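Trainee: Take a look at this one; I'll ask things after.
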Amino acid sequence: MTKLSPVLSANWDEKDSFTIEGYKRHGGYKAAATALGMEPDAVIQMIKDSGLRGRGGAGFPTGSKWGFIPQGDNKDHYLVVNADESEPGTCKDMPLLLANPHVLVEGIIIASYAIRANHAFIYLRGEVVHVYRRLLQAIEDAYAAGHLGKNIGGKGFDLELTLHAGAGAYICGEETALLDSLEGFRGQPRLRPPFPAIAGLYAKPTVVNNVESIASVPAIINNGLEWFQAMGTEKSKGFTLYSLSGHVENPGQFEAPLGITLREILELSGGIRKGHQLKFWTPGGSSTPIFTAEHLDVPLDYEGVSAAGSMLGTKALQIFDETTCVVRAALRWSEFYKHESCGKCTPCREGTWWLVQMLHDLEAGKGTEADLEKLLDLCDNIAGRSFCALADGAVAPIISSLKYFRDEYLEHQRNGGCPFDPVASTNFAAVNS
Amino acid sequence: MSDKDFISFSQEQIATMDKIIARYPRSRSAIMPLLHYVQSLDGYVTPRGIEKIAEKLELATAEVTAVSTFYTQYLTKPAGDYHVGVCVNTLCAVMGGDAIYESVSEHLGIGNHEVTKDGKVSLERIECNAACDYAPVVMVNWEFYDNQTPRSVNDLVDAARAGNPPAPTRGPNKLRTWRENSAVLAGLNDGLANEGISAGEASLRGLKIAKDKK
Ligand SMILES: Cc1cc2nc3c(=O)[nH]c(=O)nc-3n(C[C@H](O)[C@H](O)[C@H](O)COP(=O)(O)O)c2cc1C
Ligand code: SF4
Ligand code: FES
């Protein structure tokens, strides 16, 4: 049985965990001091050797990403932290920043020093005012304590850190759209190459990393490689935050070594809500193909989830029981992608519109079996033919739900509408509120 | 409300804009916080706000408008003092968000992106707000109201209209107005960061289990 391993969340139950005093009581800012005493390249090498992979969805090795930044090029370098957290189901970075914003600030100091950046940015989604407050206060307190600004820790390293609020656009989580947004444009993805490591923010070498990736760095510096590598699996090292939501007895954040299974998390947390059974779930947000009860023992690491036909993504475990209509779920997610399509390329802009139309009809019982083929055909013409990965995410719930629940789509037609009672799936179904 | 209702920006407000611009290596990057700031002053993105931002950043007004209209948080008409966002993305919708939206919409007699006649409450169907472990989620002025029901949200808006909204679940001790919170998003520290809890019950679930097992 895999055990939980709270690292990032270890102090969240303390009243002042978000203050600089609360953070320092647990050794906060020691890792930054250690790192600033190392050669920058040695810091990059250490993160490479640790095996830390990006926690924003794609799992790219963090140290390698840092290593791509050209050195000695006499250009400004930038670190941009992706705190846009908008992938449906994903809810790990916001509680982390509410409870412990300083661990991100410390990670930013270390990462910026390693890649020789003197200005870093946090791009925070705009719809979370209290998270903004906590981060802003943490940054101001870090400046006042000499952890940011000029000549940090007397080591000759200068770093400015700017907090930037988005304004409600899922696409700005895509790293190149994020950079355009941060430069003051509409947030639309850029053609790659050039990659951000060569031409990122203001066309300068830039690292874009997820909040959790950067926040994991101080613990690695403090505790060493062996400690980190003792957790996780062969190619997916370390600990990570799994976010359990939906029809479970006890939803929440579970920090565990990579490779834990949903069955284990459910056993630890109290299982599916009483009297109900697991029907389908997402391993890593709505853009990752859904799983069913047959996937309860899939190791939730990058390789394990891929091998089973989905993606680890953001580790957003959204759980739905037998009261949930899968067509309704697919339709609602499709409406999300349609709303969030940035409009830059035709297959996605027009295609997501058509997906919603067809799913509406299917949900209303007005579809036919031939429409299911048409729907899949449409998906084929969107995925892989669009400019960015938003479109691939848009078809994931549809293709995967058709794979496992084809007959449920047809049942809508036979029934002349949705056969489910939406009240039964609410969490106040029995309470009569 | 027309643009004539607004007198020109004060010297102090213009100085604040200059400070916002100074945070960035290139001035154009300040467009988003400046739009949040305009919303904090005017209640939405006003024509005079667009013009001022364009002047400050040496852009055409059309360029500023193009950016402003791309992002859903920038409004083209005034929000209520209490802007209520009901999450209707799949997980919240299924857990009760759809029922909450229907109920509060009927209760207030307004639909998506509409404002009550007294200007107090506006309503919006919102996407996943990164709080799914607290579903169904409602955001008021972009503060978290966790684990809601149709009844709790109807009570919430009634109390808000009476000038006495309940405190957010994970937020400051007292709910601020939509304009006040827009100023925070422009980067103006309101000094409330230390209010409220570190983490809600769901955020602590794994930690608690790990400690109990020890
Ligand atoms: C549509 C779309 C939305 C995304 N949203 C986010 C997000 O909210 N947060 C995030 O960290 N990465 C997001 N990503 C992934 C980023 O593009 C990028 O891979 C990531 O920030 C890199 O950080 P990492 O290497 O530390 O994981 C998104 C990607 C796409 C295609
Ligand atoms: S795939 Fe969609 S979101 Fe991505 S660039 Fe094309 S239109 Fe924009
Ligand atoms: S689905 Fe509502 S907060 Fe995530």
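Trainee: Provide, as a two-decimal number, the C-alpha radius of gyration of the range A:239-321 over 2.2 N^0.38 Å, N being how many residues it has. Provide the component values of the computation, followed by the final result.
Mentor: Working: Rg = 11.2 Å, N = 83, 2.2 N^0.38 = 11.8 Å.
Compared with the compact-globule rule of thumb, the range A:239-321 sits at 0.95.
Trainee: Based on the alpha-carbon set only, what is the convex hull volume of the range A:20-225 divided per residue, in Å³?
Mentor: Dividing the Cα hull volume of the range A:20-225 by its residues yields 112 Å³.
Trainee: Enter the accessible area per residue of the range B:44-91 (Å², integer; probe 1.4 Å; all protein chains in place).
Mentor: Values: 1700 Å² over 48 residues.
For the range B:44-91, the per-residue accessible area is 35 Å².
Trainee: Modelling each spin label as a point 7 Å along the Cα-to-Cβ direction, I'd like the A:SER306/A:LYS374 distance in nm, to one decimal.
Mentor: A separation of 3.7 nm, rounded to one decimal place.
Trainee: Run the accessible area of the protein assembly as shown with a 1.4 Å probe and give the carbon-and-sulfur part as a rounded percent. Each step should come with its number before you reach the end.
Mentor: Values: 11900 of 23460 Å².
Result for the protein assembly as shown: 51 percent of the exposed heavy-atom area is carbon or sulfur.
Trainee: If amide H atoms are built 1.01 Å from N in the plane of the peptide, which residues on other chains or at least 5 residues away come under 5 Å of the amide H of A:TYR78?
Mentor: Result for A:TYR78 returns A:THR206, A:VAL207.
Trainee: Any idea how far the Cα center of the range A:292-337 sits from the one of the range A:221-269, in Å?
Mentor: 17
Trainee: Another question about this same structure. What percent does the relative contact order of the range A:280-399 come to when contacts are Cα pairs within less than 8 Å and at least six residues apart?
Mentor: Relative contact order comes out at 29 percent.
Trainee: Given Cα pairs under 8 Å that are at least 6 residues apart, what percent is the relative contact order of chain A?
Mentor: Here the relative contact order equals 16 percent.
Trainee: Further, regarding this structure: Would you jot down the residues in the range A:148-181 that end up with at least 50 Å² less accessible area in the complete protein assembly than in the chain alone, with a 1.4 Å probe?
Mentor: Residues meeting the cut-off: A:HIS164, A:ALA167.
Trainee: A further question follows. Against the longest principal axis of chain A, how steep is helix A:390-415, in degrees 0 to 90 to the nearest 10, with axes from Cα atoms?
Mentor: Value to nearest ten degrees: 20.
Trainee: Need one number for the range A:334-391: average projected area of the convex hull over its C-alpha atoms, nm².
Mentor: Quarter of the Cα hull surface area: 3.6 nm².
Trainee: Using DSSP to call loops (not H, G, I, E or B), can you name the trypsin sites (Lys or Arg not before Pro) in the range A:261-333 whose Cβ has at most 15 other Cβ atoms within 10 angstrom?
Mentor: Counting only loop positions with at most 15 other Cβ atoms within 10 Å, the trypsin sites (Lys or Arg not before Pro) in the range A:261-333 are A:LYS274.
Trainee: Kindly report the accessible area of chain A per residue (heavy atoms of protein chains, probe 1.4 Å, no ligands, DNA or RNA), in Å².
Mentor: With the other protein chains kept in place, chain A gives 34 Å² per residue.
Trainee: Among the trypsin sites (Lys or Arg not before Pro) within the range B:173-204, which fall in a DSSP loop and have no more than 15 other Cβ atoms within 10 Å of their own Cβ?
Mentor: Numbers: sites: B:LYS174, B:ARG176, B:ARG179; in loops: B:LYS174, B:ARG176.
Here the trypsin sites (Lys or Arg not before Pro) that fit, given the DSSP loop and packing criteria, are B:LYS174.
Trainee: Now for a separate question. Check A:ASP13: other-chain or 5+ apart residues with amide H under 5 Å from its amide H, H built from backbone geometry?
Mentor: none
Trainee: Report, by chain and number, residues whose modeled amide H sits under 5 Å from the one on B:LEU123, excluding near sequence neighbours (fewer than 5 apart, same chain).
Mentor: Here the answer is B:VAL84, B:HIS113, B:GLU114, since their amide H atoms fall under 5 Å of that of B:LEU123.
Trainee: Say each of A:ASP16 and A:GLU39 gets a label point 7 Å from the Cα, pointing the same way as Cα to Cβ; how far apart are those two points in nm?
Mentor: It works out to 4.1 nm between the two label points.
Trainee: Can you give the FRET efficiency for A:ASP76 and A:ARG414, using 1/(1 + (r/R0)^6), R0 = 51 Å, r = Cβ-Cβ distance, to the nearest 0.05?
Mentor: Efficiency, rounded to the nearest 0.05: 0.20.
Trainee: Can you list which of the trypsin sites (Lys or Arg not before Pro) found in the range A:162-258 are DSSP loop residues with at most 16 other C-beta atoms within 10 Å?
Mentor: Sites meeting the loop and neighbour criteria: A:LYS235.
Trainee: Principal axis extents for chain A, Cα atoms only, whole Å, descending order, please.
Mentor: Principal-axis extents of chain A (Cα, largest first): 74, 45, 42 Å.
Trainee: Once you sort the root eigenvalues of the Cα gyration tensor of the range B:3-68 as a ≥ b ≥ c, which label holds: rounded (a/c under 1.5), prolate (a/b larger than b/c) or oblate (the other case)?
Mentor: oblate
Trainee: Would you kindly calculate the translational diffusion coefficient of chain B, applying Stokes-Einstein with the Kirkwood radius from alpha carbon pairs, for 25 °C and a viscosity of 0.890 mPa s, and quote it in µm² s⁻¹ without decimals?
Mentor: 132
Trainee: Another question, if that's okay. Give me a comma-separated list of calculated 3J(HN,Hα) values for the range A:320-327, in order, Karplus coefficients 6.51, -1.76, 1.60 applied at θ = phi - 60°, integers in Hz, x for any Gly or Pro.
Mentor: These are the phi-based 3J(HN,Hα) values: 10, 9, 5, 7, 8, 7, 6, 6 Hz.
Trainee: Step through the residues of the range A:12-21 one at a time and calculate ³J(HN,Hα) from phi using the Karplus curve (6.51 cos²θ - 1.76 cosθ + 1.60, θ = phi - 60°), rounding each to whole Hz and writing x for Gly and Pro.
Mentor: Karplus-based 3J(HN,Hα) across the range A:12-21 equals 5, 8, 9, 4, 10, 4, 8, 8, 5, 5 Hz.
Trainee: Under the rule of -39500 (n - 2.57) per DSSP H run of 4 or more residues, summed and divided by the residues of chain B, what mean residue ellipticity at 222 nm is obtained, to the nearest 500 deg cm²/dmol?
Mentor: -11500 deg cm²/dmol, from helical runs alone.
Trainee: Say the dipole of chain A comes from +1 at the beta carbon of Lys and Arg and -1 at that of Asp and Glu; which of A:PHE60, A:VAL327, A:HIS26 then lies farthest toward its positive end?
Mentor: Towards the positive end, the residue furthest out is A:HIS26.
Trainee: Another question, then. Residues of A:4-11, mean number of Cβ from any other protein chain within 10 Å of their own Cβ, rounded to a whole number? Before the final figure, lay out each step's value.
Mentor: Values: counts 8, 2, 7, 0, 0, 7, 3, 3.
Partner-chain Cβ atoms within 10 Å, mean over residues of A:4-11: 4.
Trainee: Quick one: work out the % antiparallel among DSSP beta bridges in the range A:44-174, nearest 5. Provide the component values of the computation, followed by the final result.
Mentor: Values: 3 of 15 bridges.
Roughly 20 percent of the beta bridges in the range A:44-174 run antiparallel, per DSSP.
Trainee: Can you give the translational diffusion coefficient of the range A:326-423 in µm²/s, computed by Stokes-Einstein from the Kirkwood radius over Cα pairs at 4 °C and 1.567 mPa s?
Mentor: Stokes-Einstein gives a translational diffusion coefficient of 98 µm²/s.
Trainee: Between 0 and 90 degrees, rounded to the nearest ten: what's the tilt of helix A:217-229 against the longest Cα principal axis of chain A?
Mentor: Rounded to the nearest ten degrees, it is 70.
Trainee: Another one. Using helices alone, I'd like the mean residue ellipticity at 222 nm for chain A: each DSSP H run of four-plus residues gives -39500 (n - 2.57), total over residue count, nearest 500.
Mentor: -12500 deg cm²/dmol
Trainee: Right, another one. Using a simple spin-label model with points 7 Å from Cα along the Cα→Cβ vector, what separation in nm is obtained for A:ASP158 and B:GLU114?
Mentor: Here the answer is 5.6 nm between the modelled labels.
Trainee: Placing +1 on the Cβ of each Lys and Arg and -1 on the Cβ of each Asp and Glu in chain A, which of A:PHE157, A:ALA177, A:ALA138 has its Cα farthest towards the positive end of the resulting dipole?
Mentor: Toward the positive end, the furthest listed residue is A:PHE157.
Trainee: Given +1 on the Cβ of Lys and Arg, -1 on the Cβ of Asp and Glu, and no further charges, what dipole in debye does the protein assembly as shown carry about its Cα centre, rounded to the nearest 20?
Mentor: 1040
Trainee: Can you tell me what share of the DSSP beta bridges in the protein assembly as shown is antiparallel? A percent to the nearest 5 is fine. Spell out each step's value before the answer.
Mentor: Working: 26 of 53 bridges.
Within the protein assembly as shown, antiparallel bridges account for around 50 percent of the total.
Trainee: How much accessible surface does A:MET38 have with a 1.4 Å probe, in Å² rounded to 10?
Mentor: Accessible area of A:MET38: about 50 Å².
Trainee: Something else: Starting from the Kirkwood Rh over alpha-carbon pairs, what translational D in µm² s⁻¹ does the range B:89-138 have by Stokes-Einstein at 37 °C and 0.692 mPa s?
Mentor: Rounded to a whole number, D works out at 289 µm²/s.
Trainee: Which residues does a label at B:ALA22 reach in the range B:41-68, if reach means a backbone N under 12 Å from a point 7 Å past the Cα toward the Cβ?
Mentor: Answer for this model: none.
Trainee: Go through A:LYS92/A:LYS274; A:LYS65/A:LYS403; A:LYS279/A:LYS374 and tell me which ones have a Cα-Cα distance over 31 Å in this structure. Mind dumping the intermediate values first?
Mentor: On the way: A:LYS92/A:LYS274 25 Å; A:LYS65/A:LYS403 35 Å; A:LYS279/A:LYS374 26 Å.
Over 31 Å Cα-Cα: A:LYS65/A:LYS403.
Trainee: Between the chain alone and the structure with every protein chain in place, find the residues of the range A:223-262 that drop at least 50 Å² of accessible area; heavy atoms, 1.4 Å probe.
Mentor: Buried by 50 Å² or more upon assembly, which counts only protein chains, are A:PRO251, A:GLN253.
Trainee: Please determine, in degrees from 0 to 90 and to the nearest 10, the orientation of helix A:40-50 with respect to the longest principal axis defined by the Cα atoms of chain A, where the helix direction is its Cα long axis.
Mentor: Taking the Cα atoms of chain A, the angle to A:40-50 is about 40 degrees.
Trainee: Right, something else. State the answer as a single residue: which of A:HIS247, A:GLY365, A:PRO257 lies farthest towards the positive end of the charge dipole of the protein assembly as shown, with beta carbon charges of +1 for Lys and Arg and -1 for Asp and Glu, about the Cα centre.
Mentor: The residue sitting most towards the positive pole is A:PRO257.
Trainee: Oh, and also: Report, for the range B:76-214, the % of DSSP beta bridges that are antiparallel, rounded to 5.
Mentor: 60
Trainee: Using the Karplus equation 6.51 cos²θ - 1.76 cosθ + 1.60 (θ = phi - 60°), what ³J(HN,Hα) coupling, rounded to whole Hz, does each residue of the range A:423-429 give in order, writing x for Gly and Pro?
Mentor: 5, 5, 8, 6, 8, 10, 3
The values are calculated or read from the model by the stated rules, or taken from the named source; none is laboratory data. Because the structure is predicted, anything quoted here is derived from the model rather than measured. FYI the Cβ positions are ideal-geometry reconstructions off the backbone, even for glycines, and counts take in every protein chain you see. Ligands, DNA and RNA are stripped out before the accessible areas are found, and what is left, the full protein with its side chains, is counted by its heavy atoms. Shrake-Rupley method; radii C 1.70, N 1.55, O 1.52, S 1.80 Å.
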